[in-house]
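The structure under discussion appears below in the form of structure tokens.
FYI, it's all coordinate maths here, none of it is from the lab. Everything numeric in this text was worked out from a predicted model, so none of it was measured. Here the Cβ is made from the backbone with ideal geometry for all residues, glycine too, and neighbour counts use every protein chain on show.
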């Protein structure tokens, strides 16, 4: 890695959309030979992956009736419960300096400094004594690499089952759902641990991982009002958060790039209104490219290698055939 300068930003608020906007703006702000650590916590929210089916992943009505928010992130992966007992971390760098293993090392080192011997598990989980307390997802765009995740410090796991276990009547077939893994907040293993203490430990471990690099702490205003407001207007949009909606939705189990997925056919008063693929794959760009092709759009906006672009085209063709077989079009 050639990181020479470090940036640290801690969000002063708990609004999920503002916090997402700060994260996206910081990603644009980070420059050559720089790396950033962003820490943030949200009030009650369910944050779903970029290509997930909101209503298949979350009891949206129950969440919003209780004052919670549904949010969708730019990265792939599964649905996550956020509240004030969660600490969310984001590592940002140029792609040439991306090192997911080093980032995980910083998180594990920070927790070790608090007497917590955690480990990695599954495809992107943080584990302690066989129980999950956090996970990660990834995003790349315009030469920047983002690795973000959450640490459950003193969250109540009941909320995970309350809002992330979807009602069976919302499904046809075996729709993809984020598995409610056995979760346990860190406070069960380390009495007295707080979101603040974990945040302080992460900041210290981030600095220690880059000896000789200068660290500066910035405030949100440093990111530029225009940049932040652009993203603050994007993340709350209904079409972004909820996805394509209609009077009837037919969900069909399928696969994409060898992973389980769901093909959603949406109908309105005029009949078939379109289809989209829902998946918790960490390959968010690949799935998004398939969706663009399904909608008759150019998938060039997604940075895929030639072989992956060809695979996406084949997946879209397969799904179009499925829609015909099912009598949707």
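Of the residues 222, 279, 75, which exhibits the maximal mean-square fluctuation in a Gaussian network model of the chain defined by a 10 Å Cα contact cut-off?
Evaluated over the chain, the most mobile residue of the options is 222.
Given 0.36 nm per residue, what is the gain on full extension from residue 314 to residue 214 after removing their alpha carbon distance, in nm? List each step's numbers first, then the result.
Values: separation 100, 0.36 × 100 = 36.00 nm, distance 4.74 nm.
The residue 314-residue 214 span can extend by a further 31.3 nm.
Order of 224-233, 250-259 by packing, highest average Cβ count within 10 Å first? Don't skip to the answer; put the middle values down first.
Working: 224-233: 14.5, 250-259: 16.8.
Per-residue mean Cβ counts within 10 Å order the peptides as 250-259, 224-233.
Treat region 244-325 as a sphere of radius equal to its Kirkwood radius over Cα pairs and apply Stokes-Einstein at 37 °C in a medium of 0.692 mPa s; give the translational diffusion coefficient in µm²/s, rounded to a whole number.
Numbers: Rh = 12.9 Å.
For the chosen part, D equals 254 µm²/s.
If we sort 212-218, 114-120, 134-140, 196-202 on the protection proxy, mean other Cβ atoms within 10 Å, highest first, what's the order?
Details: 212-218: 12.3, 114-120: 14.6, 134-140: 22.1, 196-202: 18.9.
Ranking, from highest mean packing down: 134-140, 196-202, 114-120, 212-218.
So in the chain, what percent of DSSP beta bridges are antiparallel if you round to the nearest 5? Present the calculation step by step, with values, prior to reporting the outcome.
Values: 49 of 64 bridges.
Close to 75 percent.
Quick one: pull the percentage of alpha-carbon pairs in the chain with a separation above 25 Å. Intermediate results must be reported in sequence, preceding the final value.
Working: 27940 of 53956 pairs.
In whole percent, the share of Cα-Cα pairs in the chain beyond 25 Å is 52.
For helix 16-29, what angle does its Cα long axis make with the longest principal axis of the chain, in degrees from 0 to 90 and rounded to 10?
70 degrees
Could you sort the peptides 14-23, 296-305 by per-residue average Cβ neighbour count (10 Å cutoff), highest mean leading?
Details: 14-23: 22.5, 296-305: 13.0.
Sorting 14-23, 296-305 by mean packing, highest first, produces 14-23, 296-305.
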